[in-house]
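Asker: Structure incoming, see below.
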Amino acid sequence: MTSIRALTGACAAVLASLCGFVAPGEAQTYPTRSITMIVPFAAGGPTDVIARIVTSHMAQTLGQSIIIENVVGAGGTTATTRAARATNDGYTLITGHMGTHAASVPLYPKLAYHPEKDFEPIALLAGTPILILARKDFPPKDLKEFVAYVKANAEKVNAAHAGVGSVSHVSCELLHSILDVKPVGVPFNGTGPAMNALVAGQVDYMCDQIVNAVPQINAGTIKAYAIATPERNPSLANVPTTAEAGLPTFQAQAWNAMFAPKGTSPTILASLNAAAAKALDDETVKKRLLELGSVIPGPVERTPEALAALVKSEIAKWTPVLKPAS
(Lines give C-alpha, C1' and ligand atoms only; values in the text may rest on other atoms or scores of the structure.)
Protein backbone atom coordinates (compact mmCIF):
# COMPACT_ATOMS: atom_id res chain seq x y z
CA MET A 1 0.00 0.00 0.00
CA THR A 2 2.81 2.38 0.92
CA SER A 3 4.65 1.74 -2.37
CA ILE A 4 1.44 2.34 -4.37
CA ARG A 5 0.84 5.63 -2.57
CA ALA A 6 4.45 6.64 -3.15
CA LEU A 7 4.18 5.74 -6.83
CA THR A 8 0.91 7.64 -7.17
CA GLY A 9 2.46 10.68 -5.51
CA ALA A 10 5.51 10.46 -7.75
CA CYS A 11 3.35 10.25 -10.87
CA ALA A 12 1.30 13.22 -9.76
CA ALA A 13 4.45 15.23 -9.19
CA VAL A 14 5.78 14.32 -12.65
CA LEU A 15 2.48 15.23 -14.29
CA ALA A 16 2.36 18.53 -12.45
CA SER A 17 5.88 19.32 -13.55
CA LEU A 18 5.19 18.39 -17.17
CA CYS A 19 1.94 20.30 -17.34
CA GLY A 20 3.27 23.40 -15.61
CA PHE A 21 0.97 23.12 -12.60
CA VAL A 22 2.10 24.39 -9.21
CA ALA A 23 1.28 21.98 -6.44
CA PRO A 24 0.23 23.47 -3.09
CA GLY A 25 3.47 22.44 -1.42
CA GLU A 26 5.54 23.97 -4.22
CA ALA A 27 3.67 27.27 -4.04
CA GLN A 28 4.28 27.44 -0.32
CA THR A 29 8.03 27.12 -0.79
CA TYR A 30 8.34 29.85 -3.45
CA PRO A 31 10.91 31.18 -3.98
CA THR A 32 13.54 28.45 -3.77
CA ARG A 33 16.22 30.38 -5.67
CA SER A 34 17.13 33.92 -6.65
CA ILE A 35 14.73 36.07 -8.67
CA THR A 36 15.74 38.22 -11.63
CA MET A 37 14.19 41.68 -11.77
CA ILE A 38 14.58 43.20 -15.21
CA VAL A 39 14.92 46.98 -15.27
CA PRO A 40 14.39 48.28 -18.81
CA PHE A 41 16.91 51.13 -18.54
CA ALA A 42 20.50 51.81 -17.55
CA ALA A 43 21.60 51.74 -13.93
CA GLY A 44 21.21 55.01 -12.04
CA GLY A 45 17.92 56.13 -13.59
CA PRO A 46 14.66 56.54 -11.65
CA THR A 47 13.24 53.12 -12.51
CA ASP A 48 16.49 51.47 -11.50
CA VAL A 49 16.70 53.41 -8.22
CA ILE A 50 13.10 52.62 -7.21
CA ALA A 51 13.47 48.96 -8.16
CA ARG A 52 16.62 48.58 -6.07
CA ILE A 53 15.12 50.28 -3.01
CA VAL A 54 11.96 48.16 -3.01
CA THR A 55 13.43 44.80 -4.05
CA SER A 56 16.16 45.04 -1.43
CA HIS A 57 13.47 44.85 1.25
CA MET A 58 11.41 42.29 -0.69
CA ALA A 59 14.40 39.96 -0.79
CA GLN A 60 14.47 39.92 3.00
CA THR A 61 10.78 39.03 3.15
CA LEU A 62 10.99 36.33 0.49
CA GLY A 63 14.23 34.84 1.80
CA GLN A 64 15.94 34.89 -1.61
CA SER A 65 18.07 37.46 -3.41
CA ILE A 66 16.53 39.58 -6.15
CA ILE A 67 19.08 40.31 -8.85
CA ILE A 68 18.63 43.52 -10.85
CA GLU A 69 19.36 43.11 -14.54
CA ASN A 70 19.52 46.33 -16.54
CA VAL A 71 18.53 45.80 -20.18
CA VAL A 72 18.57 48.92 -22.38
CA GLY A 73 17.17 49.77 -25.79
CA ALA A 74 14.12 51.07 -27.68
CA GLY A 75 12.72 53.16 -24.85
CA GLY A 76 12.51 50.15 -22.55
CA THR A 77 10.58 47.95 -24.99
CA THR A 78 13.53 45.63 -25.66
CA ALA A 79 13.65 44.57 -22.01
CA THR A 80 9.87 44.48 -21.70
CA THR A 81 9.60 42.16 -24.69
CA ARG A 82 12.14 39.88 -23.07
CA ALA A 83 10.18 39.88 -19.82
CA ALA A 84 6.92 39.08 -21.62
CA ARG A 85 8.55 36.03 -23.21
CA ALA A 86 10.18 34.78 -20.01
CA THR A 87 9.08 31.59 -18.28
CA ASN A 88 6.08 32.36 -16.07
CA ASP A 89 7.45 30.67 -12.95
CA GLY A 90 7.92 33.79 -10.82
CA TYR A 91 11.69 33.93 -11.26
CA THR A 92 11.80 36.60 -13.97
CA LEU A 93 9.93 39.85 -13.27
CA ILE A 94 10.10 43.41 -14.55
CA THR A 95 9.82 46.87 -13.06
CA GLY A 96 8.00 48.78 -15.77
CA HIS A 97 6.50 52.24 -15.94
CA MET A 98 4.14 54.53 -17.77
CA GLY A 99 6.33 54.35 -20.88
CA THR A 100 6.87 50.61 -21.19
CA HIS A 101 3.35 49.61 -20.14
CA ALA A 102 1.18 52.36 -21.63
CA ALA A 103 2.82 54.90 -23.96
CA SER A 104 4.58 52.15 -25.92
CA VAL A 105 1.24 50.99 -27.34
CA PRO A 106 0.52 54.05 -29.54
CA LEU A 107 4.21 54.76 -30.20
CA TYR A 108 5.21 51.34 -31.53
CA PRO A 109 2.70 49.99 -34.10
CA LYS A 110 4.63 46.69 -34.27
CA LEU A 111 5.17 46.33 -30.53
CA ALA A 112 6.04 42.69 -29.74
CA TYR A 113 3.94 42.62 -26.57
CA HIS A 114 0.76 44.14 -25.19
CA PRO A 115 0.86 45.42 -21.59
CA GLU A 116 -2.64 44.17 -20.76
CA LYS A 117 -2.46 40.80 -22.52
CA ASP A 118 1.12 39.65 -21.86
CA PHE A 119 1.67 40.58 -18.21
CA GLU A 120 0.27 39.89 -14.77
CA PRO A 121 0.17 43.05 -12.62
CA ILE A 122 1.81 42.65 -9.20
CA ALA A 123 1.96 46.03 -7.50
CA LEU A 124 2.33 49.76 -8.05
CA LEU A 125 5.58 50.82 -6.40
CA ALA A 126 5.72 54.61 -6.65
CA GLY A 127 4.37 57.68 -8.35
CA THR A 128 7.01 59.98 -9.81
CA PRO A 129 6.09 63.60 -10.66
CA ILE A 130 7.58 65.13 -13.79
CA LEU A 131 9.79 68.23 -13.82
CA ILE A 132 10.83 70.57 -16.62
CA LEU A 133 14.62 70.76 -16.31
CA ALA A 134 17.45 72.44 -18.18
CA ARG A 135 21.22 72.76 -18.18
CA LYS A 136 22.28 75.28 -15.56
CA ASP A 137 23.34 77.90 -18.14
CA PHE A 138 20.23 77.63 -20.33
CA PRO A 139 19.20 81.29 -20.95
CA PRO A 140 15.54 81.33 -19.70
CA LYS A 141 15.25 82.30 -16.03
CA ASP A 142 11.74 80.94 -15.36
CA LEU A 143 9.05 78.86 -17.05
CA LYS A 144 7.43 81.78 -18.89
CA GLU A 145 10.78 82.69 -20.41
CA PHE A 146 11.39 78.99 -21.17
CA VAL A 147 8.13 78.74 -23.12
CA ALA A 148 8.90 81.90 -25.10
CA TYR A 149 12.49 80.83 -25.76
CA VAL A 150 11.61 77.31 -26.95
CA LYS A 151 8.88 78.65 -29.23
CA ALA A 152 11.28 81.19 -30.74
CA ASN A 153 14.14 78.69 -31.12
CA ALA A 154 12.36 75.38 -31.70
CA GLU A 155 14.65 74.41 -34.57
CA LYS A 156 17.81 75.13 -32.57
CA VAL A 157 17.13 73.73 -29.09
CA ASN A 158 17.17 70.04 -28.19
CA ALA A 159 15.50 67.85 -25.59
CA ALA A 160 17.20 64.80 -24.07
CA HIS A 161 15.24 61.63 -23.38
CA ALA A 162 15.75 57.94 -22.57
CA GLY A 163 14.49 56.62 -25.89
CA VAL A 164 11.20 56.70 -27.79
CA GLY A 165 8.45 55.56 -25.44
CA SER A 166 10.32 56.35 -22.24
CA VAL A 167 8.74 58.59 -19.60
CA SER A 168 11.16 61.40 -20.37
CA HIS A 169 10.23 61.17 -24.05
CA VAL A 170 6.44 60.97 -23.77
CA SER A 171 6.16 63.65 -21.09
CA CYS A 172 8.13 66.09 -23.26
CA GLU A 173 5.98 65.06 -26.24
CA LEU A 174 3.01 66.23 -24.19
CA LEU A 175 4.80 69.49 -23.39
CA HIS A 176 5.73 70.04 -27.03
CA SER A 177 2.15 69.38 -28.17
CA ILE A 178 0.91 72.03 -25.74
CA LEU A 179 3.54 74.50 -26.96
CA ASP A 180 3.02 73.42 -30.60
CA VAL A 181 6.74 72.99 -31.24
CA LYS A 182 8.97 70.16 -32.49
CA PRO A 183 12.48 70.56 -31.08
CA VAL A 184 15.23 68.05 -31.84
CA GLY A 185 15.11 64.98 -29.60
CA VAL A 186 18.36 63.46 -28.32
CA PRO A 187 17.89 59.82 -27.23
CA PHE A 188 20.00 58.00 -24.62
CA ASN A 189 19.97 54.45 -23.25
CA GLY A 190 18.29 55.52 -20.04
CA THR A 191 17.50 58.61 -18.04
CA GLY A 192 20.73 58.27 -16.07
CA PRO A 193 22.92 58.90 -19.15
CA ALA A 194 20.50 61.62 -20.31
CA MET A 195 20.82 63.39 -16.96
CA ASN A 196 24.60 63.13 -17.13
CA ALA A 197 24.50 64.86 -20.50
CA LEU A 198 22.25 67.61 -19.10
CA VAL A 199 24.60 68.17 -16.16
CA ALA A 200 27.53 68.34 -18.57
CA GLY A 201 25.69 70.94 -20.67
CA GLN A 202 25.67 68.71 -23.74
CA VAL A 203 21.87 69.01 -24.17
CA ASP A 204 19.48 71.88 -23.49
CA TYR A 205 16.59 70.51 -21.46
CA MET A 206 14.52 67.47 -20.58
CA CYS A 207 11.31 66.37 -18.86
CA ASP A 208 12.28 63.96 -16.15
CA GLN A 209 11.00 62.06 -13.15
CA ILE A 210 11.65 63.66 -9.78
CA VAL A 211 13.61 60.65 -8.48
CA ASN A 212 16.34 61.31 -11.02
CA ALA A 213 16.37 65.07 -10.51
CA VAL A 214 16.36 65.86 -6.77
CA PRO A 215 20.10 65.31 -6.14
CA GLN A 216 21.12 67.38 -9.16
CA ILE A 217 18.70 70.23 -8.41
CA ASN A 218 19.87 70.43 -4.81
CA ALA A 219 23.48 70.41 -5.98
CA GLY A 220 22.81 73.28 -8.40
CA THR A 221 24.07 71.35 -11.42
CA ILE A 222 20.81 71.83 -13.38
CA LYS A 223 17.81 74.18 -13.45
CA ALA A 224 14.29 73.22 -12.44
CA TYR A 225 11.59 75.40 -14.00
CA ALA A 226 8.49 73.69 -12.60
CA ILE A 227 6.92 70.46 -11.39
CA ALA A 228 3.93 69.22 -13.38
CA THR A 229 1.62 68.42 -10.45
CA PRO A 230 -1.19 70.36 -8.76
CA GLU A 231 0.86 70.85 -5.58
CA ARG A 232 4.52 71.41 -4.81
CA ASN A 233 6.60 68.44 -3.72
CA PRO A 234 8.06 68.50 -0.17
CA SER A 235 11.45 67.35 -1.42
CA LEU A 236 11.64 70.39 -3.75
CA ALA A 237 9.56 72.95 -1.90
CA ASN A 238 11.13 75.88 -3.78
CA VAL A 239 10.21 74.56 -7.23
CA PRO A 240 6.85 76.01 -8.38
CA THR A 241 4.09 73.98 -9.97
CA THR A 242 3.44 74.43 -13.67
CA ALA A 243 0.19 76.20 -12.76
CA GLU A 244 2.02 78.65 -10.51
CA ALA A 245 4.68 79.20 -13.15
CA GLY A 246 2.23 79.95 -15.96
CA LEU A 247 1.62 76.65 -17.77
CA PRO A 248 -1.33 74.96 -15.99
CA THR A 249 -2.20 72.68 -18.91
CA PHE A 250 1.02 70.69 -18.51
CA GLN A 251 0.27 68.08 -15.85
CA ALA A 252 2.22 64.82 -15.78
CA GLN A 253 3.10 62.17 -13.25
CA ALA A 254 4.80 58.90 -14.11
CA TRP A 255 4.77 55.69 -12.10
CA ASN A 256 6.76 52.52 -11.58
CA ALA A 257 5.21 49.11 -11.07
CA MET A 258 6.08 45.44 -10.92
CA PHE A 259 4.84 42.87 -13.43
CA ALA A 260 5.24 39.15 -14.14
CA PRO A 261 4.77 37.23 -17.40
CA LYS A 262 1.20 36.22 -18.22
CA GLY A 263 0.13 32.95 -16.64
CA THR A 264 2.22 33.25 -13.51
CA SER A 265 0.60 31.36 -10.62
CA PRO A 266 -1.87 33.44 -8.56
CA THR A 267 -0.22 32.10 -5.41
CA ILE A 268 3.17 33.38 -6.54
CA LEU A 269 1.67 36.73 -7.53
CA ALA A 270 0.07 37.02 -4.10
CA SER A 271 3.42 36.33 -2.41
CA LEU A 272 5.13 39.00 -4.49
CA ASN A 273 2.37 41.54 -3.90
CA ALA A 274 2.52 40.94 -0.15
CA ALA A 275 6.31 41.36 -0.15
CA ALA A 276 6.04 44.60 -2.15
CA ALA A 277 3.36 45.95 0.18
CA LYS A 278 5.49 45.11 3.21
CA ALA A 279 8.42 46.96 1.63
CA LEU A 280 6.31 50.06 0.97
CA ASP A 281 5.15 50.04 4.60
CA ASP A 282 8.71 49.86 5.91
CA GLU A 283 9.82 53.16 7.45
CA THR A 284 13.33 53.03 5.95
CA VAL A 285 12.01 52.30 2.45
CA LYS A 286 9.38 55.04 2.77
CA LYS A 287 12.00 57.54 3.94
CA ARG A 288 14.29 56.81 1.00
CA LEU A 289 11.47 57.07 -1.55
CA LEU A 290 10.05 60.26 -0.04
CA GLU A 291 13.48 61.90 0.04
CA LEU A 292 13.61 61.35 -3.72
CA GLY A 293 10.20 62.96 -4.16
CA SER A 294 8.28 59.76 -4.88
CA VAL A 295 4.59 59.43 -4.11
CA ILE A 296 4.01 56.18 -2.18
CA PRO A 297 0.80 54.37 -3.18
CA GLY A 298 -1.70 53.47 -0.46
CA PRO A 299 -2.96 49.93 0.22
CA VAL A 300 -5.80 50.13 -2.31
CA GLU A 301 -3.59 51.60 -5.05
CA ARG A 302 -0.98 48.85 -4.78
CA THR A 303 -3.33 45.90 -5.45
CA PRO A 304 -2.98 43.96 -8.73
CA GLU A 305 -6.52 45.00 -9.68
CA ALA A 306 -5.71 48.69 -9.19
CA LEU A 307 -2.54 48.34 -11.27
CA ALA A 308 -4.44 46.61 -14.08
CA ALA A 309 -6.95 49.48 -14.09
CA LEU A 310 -4.12 52.03 -14.11
CA VAL A 311 -2.45 50.43 -17.14
CA LYS A 312 -5.76 50.41 -19.02
CA SER A 313 -6.48 54.06 -18.21
CA GLU A 314 -2.95 55.18 -19.06
CA ILE A 315 -3.06 53.53 -22.49
CA ALA A 316 -6.33 55.38 -23.16
CA LYS A 317 -4.82 58.66 -21.89
CA TRP A 318 -1.60 58.59 -23.90
CA THR A 319 -2.88 57.13 -27.17
CA PRO A 320 -4.42 60.36 -28.56
CA VAL A 321 -1.38 62.36 -27.44
CA LEU A 322 1.26 60.07 -28.92
CA LYS A 323 -0.42 58.45 -31.92
CA PRO A 324 0.55 61.36 -34.22
CA ALA A 325 4.20 60.90 -33.19
CA SER A 326 4.34 57.18 -34.09
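Asker: So which residues in the stretch 213-237 are open to solvent by 20 Å² or more (accessible area, probe 1.4 Å) and assigned to a helix (DSSP H, G or I)?
Answerer: Across the stretch 213-237, the qualifying residues are P215, Q216, I217, N218, A219, P234, S235.
Asker: Further question on the same structure: State which residue pairs qualify: first residue of a type in the set (D, E, K, R) and inside the stretch 55-73, second residue at pLDDT 95 or above in any location, beta carbons under 8 Å apart, and separation of 6 or more residues or different chains.
Answerer: E69/T36; E69/M37; E69/I38; E69/V39
Asker: Go through the stretch 165-179 and report how many residues are touching a residue at least 24 places away in the same chain (Cβ under 8 Å) and out of contact with any Leu (no Cβ under 8 Å at 6 or more places or on another chain).
Answerer: 10
Asker: Among the numbered conditions (1) in a loop (DSSP other than H, G, I, E, B); (2) open to solvent by 20 Å² or more (accessible area, probe 1.4 Å); (3) not acidic (D, E), tell me where F138 comes up short.
Answerer: Condition not satisfied by F138: (2).
Asker: Do you know which residues across the stretch 171-210 are touching a Gly at 6+ places or on another chain (Cβ under 6 Å), in a helix (DSSP H, G or I) and buried (at least 24 other Cβ atoms within 10 Å of the Cβ)?
Answerer: Hits for the stretch 171-210 are T191, I210.
Asker: Return a yes/no flag: does the stretch 142-152 have any residue that is at pLDDT 95 or above and either among the small types (G, A, S) or in contact with a Cys (Cβ under 9 Å, 6 or more places away or on another chain) (or both).
Answerer: yes
Asker: Please tell me if T55 is surrounded by 22 or more Cβ atoms within 10 Å (Cβ to Cβ) and in a helix (DSSP H, G or I).
Answerer: Judged against the criteria, T55 is a match.
Asker: Then there is this: Which numbered condition in (1) buried (at least 20 other Cβ atoms within 10 Å of the Cβ); (2) under 24 Å from L125 (Cβ atoms); (3) out of contact with any Lys or Arg (no Cβ under 9 Å at 6 or more places or on another chain) is the only one that F250 fails?
Answerer: (2)
Asker: Then there is this: Among the numbered criteria (1) under 20 Å from the mean Cα position of the chain (by Cα); (2) of a type in the set (S, T, N, Q); (3) over 30 Å from D137 (Cα atoms), which one does T264 miss?
Answerer: (1)
Asker: I would also like to ask the following. Are there any pairs with C-beta distances below 7 angstrom linking a residue in the stretch 293-312 that is open to solvent by less than 30 Å² (accessible area, probe 1.4 Å) to a residue that is part of a loop (DSSP other than H, G, I, E, B) and among the acidic types (D, E), with the two at least 6 apart or on different chains, and if so which?
Answerer: Cβ pairs passing all conditions: V311/E116.
Residue-wise test of (1) outside the structural domain of A277 (by TED's automatic domain parsing); (2) surrounded by fewer than 23 Cβ atoms within 10 Å (Cβ to Cβ).
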site	(1), (2)
T29	yes, yes
P40	no, no
V49	no, no
A86	no, yes
T100	no, no
Y108	no, yes
H114	no, yes
F119	no, no
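Asker: Anything in the stretch 275-325 that is touching a strand residue (DSSP E or B) at 6+ places or on another chain (Cβ under 6 Å) and not in a helix (DSSP H, G or I)? List them, or say none.
Answerer: Answer for the stretch 275-325, where residues must be touching a strand residue (DSSP E or B) at 6+ places or on another chain (Cβ under 6 Å) and not in a helix (DSSP H, G or I): S294, V295, P297, E301, R302.
Asker: In the stretch 149-170, what residues are assigned to a helix (DSSP H, G or I) and open to solvent by less than 60 Å² (accessible area, probe 1.4 Å)?
Answerer: V150, V167, S168, H169, V170
Asker: Something else now. Can you tell me how many residues in the stretch 73-87 are modelled with pLDDT under 95 and assigned to a loop (DSSP other than H, G, I, E, B)?
Answerer: Qualifying residue count for the region: 1.
Asker: Let me ask you something else. For the stretch 33-54, which positions are of a type outside the set (A, V, I, L, M) and touching a Leu at 6+ places or on another chain (Cβ under 9 Å)?
Answerer: Correct list: T36, P46.
Asker: Follow-up question, since we're still on this one. State whether one or more residues within the stretch 247-259 are assigned to a helix (DSSP H, G or I) and more than 30 Å from R82 (Cβ to Cβ).
Answerer: No, the stretch 247-259 has no match at all.
Asker: What's the number of the condition T284 fails, among (1) open to solvent by 20 Å² or more (accessible area, probe 1.4 Å); (2) out of contact with any His (no Cβ under 9 Å at 6 or more places or on another chain)?
Answerer: Of (1) open to solvent by 20 Å² or more (accessible area, probe 1.4 Å); (2) out of contact with any His (no Cβ under 9 Å at 6 or more places or on another chain), only one is false for T284: (2).
The values are calculated or read from the model by the stated rules, or taken from the named source; none is laboratory data. Keep in mind that what you see is a predicted model, and the values were worked out from it rather than measured. Reconstructed Cβ throughout: ideal geometry from the backbone, glycine too, with neighbour counts over all protein chains shown. For the accessible areas, the whole protein counts, side chains as well, though only heavy atoms, and no ligand, DNA or RNA atoms are used. Shrake-Rupley method; radii C 1.70, N 1.55, O 1.52, S 1.80 Å.
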